[in-house]
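Working notes for the structure below.
Computed from the coordinates by the stated procedures, all read-outs in this text should not be read as laboratory data. Because the structure is a prediction, the values reported are computed rather than measured. Every residue, glycine among them, receives a Cβ derived from its backbone with ideal geometry; neighbour counts consider all protein chains shown.
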Amino acid sequence: MSVRQSFSRVGILPRDLKDLTRGQALWNASVPVVSVVPLLQHREGDPAACLVAPGDVVREGMIIGRAAGPEGAHVHSPVPGTVRELREVFLPDGRRSPAVVIELGGEFDRLGKSVRKYPWENHSQKDLLGIIADKGVVGMESAVPTHLKYTIPKNRRVDLFILNCSECEPYLTANHRLMLEKAPQIVEGARIVAKILDPRRILIAVDKSRKDALDALGQAAKAAEFGAEIATVGSWFPQGDEKQMIRTLTGLEVPSGGEALDVGAVVSNVGTVFAVYEAVALLKPVIEKALTVAGGAIRNPGNLKVRIGTPLTDLVEECGGFVEMPEKIVIGGPMTGSAIFDLSTPVTKNTTGVLFLTSREIRNSRRTNCLRCGRCVEACPMGLDPTNLFKLIDHGAYGEAFGQGLKDCRECGCCAYVCPARIPLVQGLRVGKAVSLERGGAA
Amino acid sequence: MAKSYLLSSSPHVFENIDVRRLMLNVILALLPAAAYGVYLFGVPAAVLILTSVASCVILELLFRRLTGARDNYRDLSAVVTGLLLALVLPPSTPPWMVVLGALASIVVAKEFFGGLGHNPFNPALIGRAILLMSFPAAITTWHRPFEALTDAATTATPLNIIKLGGTMADVAAGMGLSSPSQVYLGLFLGNRAGCIGESSILLILVGAAYLVITGTIGLSVPLSLLASTAGLSALLGMDPLFGLLSGGVVFGAFFMATDYVTTPLPTAGKIVFGVGAGVILVLIRRFGGFPEGVTYGILVMNAFTPFLNDLISRKYGFVKGGAK
């Protein structure tokens with residue numbers, strides 16, 4: 001099998017710290033005694049409408065939240081048990097969501113049972129999309145409902161489907177483990193996606209430092225006679241960003257303000273494609289998630305398969321407790337993840353990792369004047385001038401900043417990562433972007 | 001809850017680098033050239049360097065205290081300025097004069113504009129330029145290495161000799177060499193009259209290599225500056241290699257023209273900056289009143305920096321002829 005190599009520079013080369021967990025095979029975390037299942041687990045729109053009431057008995061995989069609008073996704077019960085209460089919780093990203101609190105009890109319908117493969121091959125594209133929607137599949141990083149992403153307008157055509165296996169955030173290795181342990185299933189997921197999208201080309205993009213994953217996927221693709229090309233990409237951050245991935249692999253750039261489909265591309269994360277496999281080939285709703293637990297404060301970092309709705313306290317226990325109190329707890333990767341304040345926060349469909357960081361890892365230090373060293377300009381994968389945008393925003397010139405590329409900022413955080421003066425560049429840009437969008441783009 | 005966790009917007013990790021570390025790198029990189037200057041010109045050179053550094057640090061502290069600004073000495077930027085200022089002065093500069101130079105560098109060129117990061121011109125070069133204008137005789141008096149800094153030991157720099165119509169043989173004689181062919185190696189090693197830190201190209205390059213390897217500076221400015229100096233020198237019928245090895249161009253290229261604050265951010269801007277500084281310094285050498293033009297070449301280009309900052313490379317998603 002031929003392997004294309006594309007190593008053009010993207011952003012930064014961070015300390016990746018993946019060795020902590022790279023060798024840790026996925027293990028099944030204990031099923032939580034009490035699950036807290038948020039009904040808002042998709043990116044935009046209203047929470048799913050709650051279908052259960054306190055006292056109701058639910059079964060594993062039963063639908064408990066119905067998508068409230070076209071932008072929504074269904075939510076399923078991750079465990080069998082009894083609904084204790086409905087509660088409002090904070091999501092990792094700071095939004096509030098109603099949540100169903102389920103106390104474990106009764107028999108599992110799936111766990112420990114053998115499952116028969118569902119013969120999906122003869123289904124139409126529409127049926128497959130229906131199954132994906134039914135099973136509540138969303139982007140395992142983006143939380144965009146997958147059936148929406150794969151619904152291609154009539155006048156469009158997919159040239160290229162990219163299976164994005166880059167996992168460029170430091171610390172995170174759960175997708176890497178998934179590729180090693182579930183390569184045939186991932187390839188089958190990609191075949192399902194290919195059937196839906198009917199792309200001219202399929203590219204599987206893997207980080208060049210992950211030779212083992214590359215081989216596993218290559219063999220699985222060969223065994224399934226799946227006509228995908230395999231490409232290796234550099235270990236840059238944010239190589240896994242959709243726009244960067246498209247440029248690296250094709251040389252095309254998504255126009256400013258546009259989307260991947262404008263250049264005929266659809267990019268899906270390996271975790272999402274695995275969820276598509278489970279949804280379609282096993283008829284299994286999204287009730288668990290492979291994620292990495294890492295950071296200097298946790299005793300046994302590793303990769304876990306965790307039920308959605310598991311509170312972080314359970315994960316701490318699962319991983320041997322703390323060696324020291326963490327200074328900061330992050331859901332997601334350290335570059336773009338969210339800091340949280342409460343260990344009762346539950347795992348959601350797009351939780352890629354949970355990091356318990358010590359003060360040494362955070363390396364907080366005092367902010368000083370901008371040195372104008374230009375590191376942020378060099379680091380910006382979008383070719384923006386972060387220090388200048390930051391200054392404009394600081395002076396309230398939102399409209400001008402917006403015109404100078406603020407709207408194209410992907411908020412990857414490279415600028416703030418490299419800044420020797422510790423200026424909160426991306427943080428300022430994030431606020432500036434939100435304010436300018438609120439004011440309608442200009443003003 | 002007993003413990004509250006730190007909350008902040010991402011990113012949550014940072015590169016292991018800060019302003020102090022960068023400044024420390026520059027200081028370390030300057031040490032070989034400084035030590036060699038002391039070796040060549042003796043105790044007075046050491047006194048000058050220490051005076052310059054001390055007055056820069058103290059003046060910065062005093063000024064910031066006076067204006068109610070936060071103390072800044074921990075970032076070591078004043079030490080860098082003091083070191084740079086001393087290294088581009090002749091060894092015979094009286095210490096009181098260097099205190100004035102430090103005043104011009106730190107207070108006038110830097111703190112008046114708001115301190116580190118806000119100064120439009122390179123502070124050390126402003127210090128030198130003001131001294132050069134105020135005390136033209138003292139700042140252009142040069143001494144032979146390894147001799148007491150008396151009037152009897154004064155001499156001309158190699159650039160001066162050429163400027164005044166001398167030949168390479170005269171330069172060789174001035175450097176105590178027997179034949180003109182040894183001049184290049186002599187200049188490279190640095191045994192010549194000149195500023196304290198500018199003479200040994202070898203040691204300057206050692207320091208510069210350290211800065212490049214540690215990622216402290218990039219090569220866009222120095223290389224474009226050196227290339228345009230050599231190129232224009234050749235075009236104007238001057239010896240390009242001699243032009244590079246004599247005077248302060250290599251020192252200026254790696255230590256003055258790479259100052260973060262006063263040089264452009266984008267690579268294209270950096271290249272224009274370097275080329276422009278090279279052109280101006282050669283024009284001054286060839287047609288101006290001074291034998292050397294590095295100071296003014298860089299200072300003039302400092303003024304262009306805000307414009308050169310606009311030469312940012314193309315943004316993602318703005319393909320010619322593409323949508324929008």
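A few points about this structure:
- Whole-Å distance, taken between Cα centres, linking segment A:49-122 and segment A:159-190: 25
- Short to long, the 10 Å bins of the Cα pair-distance histogram for chain B hold 6, 25, 34, 21, 8, 4, 2, 0, 0 percent of all pairs.
- Euclidean distance of C-alpha centroids, segment A:272-298 and segment B:1-76, integer Å: 49
- Amide H contacts of A:K182 (H built 1.01 Å from N, in plane; Pro and chain starts excluded): no residue 5 or more places away or on another chain comes under 5 Å.
- Computed from Cα atoms, the angle from the helix B:220-235 axis to the main principal axis of chain B rounds to 30 degrees.
- Estimated D of segment B:19-139 in µm² per second, where Rh is the Kirkwood radius over Cα pairs and Stokes-Einstein applies at 25 °C, 0.890 mPa s: 173
- Restricting the calculation to Cα atoms, chain A yields a radius of gyration followed by a Dmax of 21.5, 63 Å.
- Sorted by Cβ density within 10 Å, fewest first, the residues A:R247, A:R66, A:R360, A:R116: A:R116, A:R360, A:R66, A:R247
- Vicinal HN-Hα couplings computed from phi for segment B:196-202 (Karplus, 6.51 cos²θ - 1.76 cosθ + 1.60; Hz; Gly/Pro x): 4, x, 9, 7, 8, 4, 4
- Applying 1/(1 + (r/R0)^6) with R0 = 60 Å to the Cβ-Cβ distance of A:D212 and B:V206 gives a FRET efficiency near 0.90.
- In this calculation the C-beta distance from B:L7 to A:V323 is compared with R0 = 30 Å, giving a FRET efficiency of 0.85.
- For peptides A:430-439, B:274-283, sequence by mean Cβ density within 10 Å, most packed first: B:274-283, A:430-439
- Sequentially through segment B:294-300, phi angles give Karplus couplings (6.51, -1.76, 1.60; θ = phi - 60°) of 4, 3, 6, x, 6, 5, 5 Hz, Gly and Pro residues having no value and appearing as x.
- Peptide-level mean, for A:372-383, of C-beta atoms on other protein chains within 10 Å: 6
- When DSSP beta bridges are restricted to pairs lying wholly in the protein assembly as shown, around 60% turn out antiparallel.
- Taken residue by residue and averaged, Cβ atoms of other chains lying within 10 Å of the Cβ of A:414-426 number 4.
- Two-site label geometry, A:N28 and A:I152: point separation in nm, points 7 Å out along Cα→Cβ: 3.8
- Protection proxy ranking of B:166-177, B:247-258 - average other beta-carbon atoms within 10 Å, highest first: B:247-258, B:166-177
- Approximate spin-label separation B:T167-A:R9, in nm, with each point projected 7 Å along Cα-to-Cβ: 4.9
- Gain on full stretching of the segment that runs from A:K407 to A:F341 - 0.36 nm per residue minus C-alpha separation: 20.8 nm
- Per-residue mean of foreign Cβ neighbours for B:307-316 is 5 (Cβ atoms of other chains, 10 Å radius).
- Each of B:Y73, B:Y210 was scored by other Cβ atoms within 10 Å of its Cβ. Listed from fewest to most, they are B:Y73, B:Y210.
- Taking every alpha-carbon pair under 8 Å whose residues sit at least 6 apart, chain A reaches a relative contact order of 18 percent.
- Applying the Karplus relation 6.51 cos²θ - 1.76 cosθ + 1.60 with θ = phi - 60° to segment B:264-273 yields 3J(HN,Hα) values of x, 7, x, 4, 4, x, 4, 5, 4, 4 Hz, where x marks Gly and Pro.
- For the protein assembly as shown, fraction of C-alpha pairs farther apart than 34 Å, in %: 57
- Burial ordering of B:S77, B:S10, fewest other beta-carbon atoms within 10 Å first: B:S10, B:S77
- Amide proton proximity set for A:V79, modelled H, under 5 Å, gap of 5+: A:G61
- Cα-Cα over 20 Å, subset of A:K126/A:K195; A:K149/A:K211; A:K305/A:K328; A:K222/A:K289; A:K211/A:K243: A:K149/A:K211; A:K305/A:K328; A:K222/A:K289; A:K211/A:K243
- Secondary structure note: in segment A:134-259, about 10% of the DSSP beta bridges are antiparallel.
- Chain lengthening between A:L111 and A:R439 when straightened (0.36 nm per residue, less Cα-Cα): 113.1 nm
- Anchor B:K163: lysines whose Cα lies under 30 Å away (excluding residues fewer than 8 positions away in-chain): B:K270
- In degrees, nearest ten, helix B:19-41 long axis to first principal axis of chain B (Cα): 10
- Annotation: for a label point projected 7 angstrom from Cα along Cα→Cβ of B:V108, residues of segment B:267-296 with backbone N closer than 18 Å are B:295-296.
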